[in-house]
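The values are calculated or read from the model by the stated rules, or taken from the named source; none is laboratory data. Small disclaimer: the values here were computed from a predicted structure and weren't measured. Note that we place each Cβ from the backbone using ideal geometry, even for glycine, and neighbour counts take in every protein chain shown.
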Amino acid sequence: MRKIKKLLAVLVSVVVLGGMLTGCGTKATATTGTNSDQATTKSSIEKIKERGTIKIGVFSDKPPFGFVDANGKNQGFDVFIAKRFAKDLLGDESKIEFVLVEPASRVAFLQTNKVDLILANFTVTEERKQTVDFALPYMQVALGVVAPDGAPITSVEQLKGKKVIVVKGTTAETYFTKNYPQIELIKYDQNTAAFDALKDKRGAALAHDNTLLFAWARQNTGFAVGVPTLGSLDTIAPAVKKGDKELLTWVNTELETLGKENFIHKAYETTLKPAYGDSLDPESVVIEGGKLK
């Protein structure tokens with residue numbers, strides 16, 4: 001009988017102890033969950049300010065819009081605007097972490113939080129709207145086609161049976177794939193590689209944003225933009241991660257405010273006019289205050 005009582009006492013102790021441990025475990029889990037919830041409630045702008053820098057995706061090889069100069073400094077139209085964003089958000093234009101992107105990586109870099117914002121000549125399309133949120137536009141653009149002077153291309157019809165160079169992830173790739181599937185495309189990841197291919201005559205022509213081609217042809221003798229406008233007139237805008245309403249609202253308000261001082265025109269005069277000279281009307285490129293005229 002004594003042995004039975006001792007056994008029962010042990011069993012009761014185990015049950016009580018197990019309940020206490022389980023209770024402690026529940027409390028720890030609840031505390032962890034609360035801390036996690038508190039961490040996730042921080043807004044994107046709070047995180048940026050806490051970090052002390054804003055991560056902005058720009059191009060490294062698309063002058064005059066985004067490029068790295070001989071001194072390793074980021075330069076260009078998009079970079080000029082990015083610095084003003086940093087100044088107005090963080091109080092200092094140097095508080096930027098420039099993240100170099102390729103056309104095809106822009107969406108992924110936003111989705112994986114490698115950047116807070118994309119300012120890399122990002123053309124607004126319905127397809128892209130499904131994966132990122134675009135702010136108000138600051139520029140307008142169409143597609144164009146550049147080719148050697150000795151073998152000019154002045155219409156898309158002349159490209160049939162020929163190879164056309166494009167950069168992956170650009171609207172030029174999408175446009176030709178959808179509208180002219182019979183035209184063979186030679187695709188490159190980088191702008192530099194694509195233009196080198198044109199110089200090496202690996203394709204009859206290169207299709208890209210016309211604003212880029214006008215500047216490039218002016219700097220590279222022996223080439224001409226024979227098709228200055230192709231497809232629809234589109235807009236270029238900053239982009240944020242899908243659902244980031246706070247940063248999107250901030251960027252939209254910023255662009256509206258900058259429009260009151262004609263800041264985008266200032267960016268054009270500083271970074272784009274040296275590339276275009278007087279050959280291009282700034283009003284055909286610039287969108288001020290996020291509003292098309």
Please state which one of 110, 143 is aliphatic (A, V, I, L, M), touching a residue at least 40 places away in the same chain (Cβ under 8 Å) and part of a strand (DSSP E or B). 143
Can you tell me which of (1) assigned by TED's automatic domain parsing to the domain that holds residue 206; (2) of a type outside the set (Ser, Thr, Tyr); (3) in a strand (DSSP E or B) is the one residue 133 doesn't meet? (1)
What's the total number of residues in segment 55-78 that are touching a strand residue (DSSP E or B) at 6+ places or on another chain (Cβ under 6 Å), crowded, with 22+ Cβ neighbours inside 10 Å and either modelled with pLDDT under 95 or not acidic (Asp, Glu) (or both)? 6
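How many residues does segment 167-225 contain that are on the phi > 0 side of the Ramachandran plot and surrounded by 14 or more Cβ atoms within 10 Å (Cβ to Cβ)?
1
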Would you confirm whether or not segment 235-244 contains a residue that is assigned to a helix (DSSP H, G or I), assigned by TED's automatic domain parsing to the domain that holds residue 104 and among the acidic types (Asp, Glu)? no
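For (1) in contact (Cβ under 8 Å) with a residue 24 or more places away in the chain; (2) of a type in the set (A, V, I, L, M); (3) part of a strand (DSSP E or B), each residue gets a yes or a no:
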site: 203; (1), (2), (3): yes, no, no
site: 216; (1), (2), (3): yes, no, no
site: 233; (1), (2), (3): yes, yes, yes
site: 246; (1), (2), (3): yes, no, no
site: 255; (1), (2), (3): yes, yes, no
site: 270; (1), (2), (3): yes, no, no
site: 273; (1), (2), (3): no, no, no
site: 280; (1), (2), (3): yes, yes, no
site: 292; (1), (2), (3): yes, yes, no
From 159, 119, 90, 143, which residue is modelled with pLDDT of 95 or more, crowded, with 22+ Cβ neighbours inside 10 Å and more than 28 Å from residue 273 (Cα to Cα)? 159
